[in-house]
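Structure, as structure tokens:
The values are calculated or read from the model by the stated rules, or taken from the named source; none is laboratory data. Every value quoted in this text rests on a predicted model; they were computed, and no experiment measured them. Here Cβ is always computed from backbone atoms with ideal geometry, including for glycine, and neighbour counts include all displayed protein chains. Areas reflect the complete protein model, heavy atoms only, side chains present, ligands, DNA and RNA absent. Shrake-Rupley method; radii C 1.70, N 1.55, O 1.52, S 1.80 Å.
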Amino acid sequence: MNLDELTASREQHQIVKLPITEKELCDRYEQVFTSAVNDVLRELGYVYQTMPKEILPLREDMKVAGIAFTVKGSKNLTLTSEMEQRAKMLEELHEDSICIWDTSGDDESAQWGEIMTMASKRRGCRGAIVDGGVRDTDKVLEQNFPVFCKYRTSNGMLGRFRMIGWQMPVKLGDVFVYPGDVIFGDIDGVIVIPRKLAYDVLLKSEYIKENEKEIKQMIVDGLTPTEVVKRGGYF
């Protein structure tokens, strides 16, 4: 994507007002599942909305939905004002946000840990998605704060990695993430829902969840797969 295309894309991703509160939206997303959301997005022509498959929850039962607060960074040895920059970013986290880290492919540092988890929870942040590493894993898990990442390491960011900025468009794998998008993660990974579609996608995902109850009952009742399909079911 060139600069003109990125600019045009940014204009299409302006923060739009939702018909319900962000909190209700996120709470309801956490009651569905990513595969249903993925299917809805596919039907709408959005087939590249999943983050890299290596980004997985620290614990399998972790599930989170939130409003994207994006962070961009890369490998960097600079130490000057690094902690001050990190503190400023944390203070800008907002209620119902989810912190999304584009690490520019970093493969050695932990961008998230125990203290950052504590500070983020105080700001009302719902979770973190890191295209990189996490440390203090046991202490993060104790806080019941959903974190998705690629790897674990004891390496801290200081002197290895530095933030470039935040609340800007970022890219994780094949998917662009814009501040304000809805992010949803569960055991099957993380998916990005463009904000302008978020409410409609939620309604259709909730319908799928309810409809699958009927399909499962058909199977319990002994219907053959062919009979299930004839009655509108799927596999």
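What to note about this one:
- Among 222-230, 98-106, the peptide with the highest mean count of other Cβ atoms within 10 Å heads the list, and the full ranking is 98-106, 222-230.
- Accessible-area composition of the stretch 86-174, carbon plus sulfur, in percent [1.4 Å probe]: 43
- Based on alpha carbons, the Rg and Dmax found for the chain are 19.0, 67 Å.
- Per residue accessible area in Å² of the chain, where ligands, DNA and RNA are left out and the probe is 1.4 Å: 52
- Its relative contact order, with pairs defined as Cα atoms under 8 Å and 6+ residues apart, puts the chain at 29 percent.
- Highest average packing first - 181-189, 41-49, Cβ atoms within 10 Å: 181-189, 41-49
- Rounded to 5, the percent of DSSP beta bridges in the chain classed as antiparallel: 55
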